[in-house]
Each structure stands twice: as structure tokens, then as C-alpha cells.
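The values are calculated or read from the model by the stated rules, or taken from the named source; none is laboratory data. Since this is a predicted model, take the numbers as computed values, not measurements. Because the Cβ atoms are built from the backbone with ideal geometry, glycine has one as well, and the counts that use them run over all protein chains shown.
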Amino acid sequence: MKAVVKPLQQTRFGRGQIHAGHPAFWSDEAATAAWAARLAASPALSHAFIALHGELGAGKTTFVRHLLRALGVQGRIKSPTYAVVEPHEARGLAIWHFDFYRFGDPREWEDAGLRDIFAARGLKLAEWPGQAGNFLPRADLDLRIATASDDSARAITLEAHTPTGRALLEAVRA
Ligand SMILES: Nc1ncnc2c1ncn2[C@@H]1O[C@H](COP(=O)(O)OP(=O)(O)OP(=O)(O)O)[C@@H](O)[C@H]1O
Ligand SMILES: [Mg+2]
């Protein structure tokens, strides 16, 4: 459980730049898994950065777990909350799962080799990207998860910022 209260996540885009984006709906966790499997089929994932937004418990880690499983990651998939980043590998694809919730010291960016990771090929998935301030490059895709009520339904908004992001959108649009 995360007990630390953090300020609301900052968006890195001015209001004028925000548009409705592409919506999706996950009625329950099985729907989340099915949607993640569709995304996993996209070749554009091989070099992409997806920023995951949403409140505590929205389902960011859960979504990542389903995506990693669909990509072929085996074994336990730990949440990176304490380590900031958990590396994975599946079928030759390098995957880095970040959680910047507790990211505080900018020196960590260099010390933990995060700059090198973002320069490398592979899939980067980041929870709480706003906590890393201006260190992060612009995401190819912003995925926002909203919890409608206390049930298992989630409303998703997707916003692509690059050709890679748009290719990912195409994969899940069908
Ligand atoms: N449709 C759904 N999609 C994803 N998770 C769901 C869904 N329905 C219920 N859940 C549950 O919601 C919880 C989401 O927790 P999770 O740790 O994934 O959230 P999080 O967004 O990563 O939170 P944090 O900001 O604390 O890291 C899990 O217990 C998961 O089983
Ligand atoms: Mg999480």
C-alpha cells in the first residue's frame, strides 16, 4: 500500500494541446487482458515509450502485467515501486517497467542509468511519469486510466504523439 500523499500528477502538455484522444473501455480485468494482448501484437512496441496515467489503484501495474504476459514474459512480474525500474525480456524484446511514484532525486536519473535506458531500443512503460519531471522524453503514447466507480470497469483515453504512437493506436482500434 502506498501511504505517501503526492501532489496530483502534472501533465506535460498545455491545455490547448489536449484533445479528446481515442477512447477505450475495459469492463473488467479480463477485458484489460484482452486489450493488452491486442496491443502486444503491434510491431511498433519494439521501440516505444508508453506513459501510464491514473490514480493509485487505477490499474497501471495490472495492465503492464497483462501486456508483459501477452508479450511472452514468464515468471513473477514484480511492481517496480521500490526499484524505480524492473527490466524484462521476451522473445528478444527488451522491456523496462518504471514506476516514478517515489522518484525524488534527479541524480537518480544518471546514477540508475535511466538516461541510457531511454536512449536504447526496446519498450518502456512508465507509471507516474509526472514525478520524473522533465527528464522523460515525450511519450509515443499517453494512456490514461479512469476508474468510474469501485467496480472493475475502467475508461481509457489514448493520445498518440508520434508515428509510433499512432501505429500503436491502430493496433487497438480494430
Ligand atoms: N478492468 C481492470 N483493469 C485493471 N485492473 C483492475 C480492473 N478491475 C479491477 N482491477 C483491480 O484494480 C487494481 C489495480 O491495481 P494496480 O496496482 O494495477 O494499480 P496502479 O494503477 O498500478 O496503482 P499505483 O499507482 O498504486 O501503482 C488491481 O487490484 C486489479 O486487480
Ligand atoms: Mg502500479
Exercise. Name the residues in the stretch 79-110 that are within 11 Å of ligand 2 (Cβ to nearest atom) and assigned to a loop (DSSP other than H, G, I, E, B), would you?
Worked result: S79, P80, T81, F100, Y101
For this session: Go over the candidates S27, S42 one by one and state the one that is away from ligand 2 (no atom under 16 Å from the Cβ) and surrounded by fewer than 16 Cβ atoms within 10 Å (Cβ to Cβ).
Result: S27
Problem set entry | Members of the stretch 27-59 that are over 24 Å from F103 (Cβ atoms) and either of a type in the set (D, E, K, R) or at pLDDT below 95 (or both) | S27, D28, E29, R38
Exercise. Looking at (1) assigned to a loop (DSSP other than H, G, I, E, B); (2) more than 16 Å from ligand 1 (Cβ to nearest atom); (3) among the small types (G, A, S), can you tell me which one G133 breaks?
Worked result: (1)
For this session: Show the residue pairs that are 6+ apart or on different chains and have beta-carbon atoms under 6 Å apart, the first residue being within the stretch 60-79 and more than 17 Å from R91 (Cβ to Cβ) and free of Cβ contacts under 8 Å to residues at least 24 places away in the same chain, the second being of a type outside the set (G, A, S) and near ligand 1 (Cβ under 8 Å from one of its atoms).
Result: S79/T61
Seminar exercise, completed: The residue that is surrounded by the most Cβ atoms within 10 Å (Cβ to Cβ), considering only those in the stretch 57-90 that are of a type in the set (V, I, T) and within 12 Å of ligand 1 (Cβ to nearest atom), is V64
Exercise. Restricting to the stretch 136-153, what's the tally of residues that are modelled with pLDDT of 95 or more and outside any loop (DSSP other than H, G, I, E, B)?
Worked result: 6
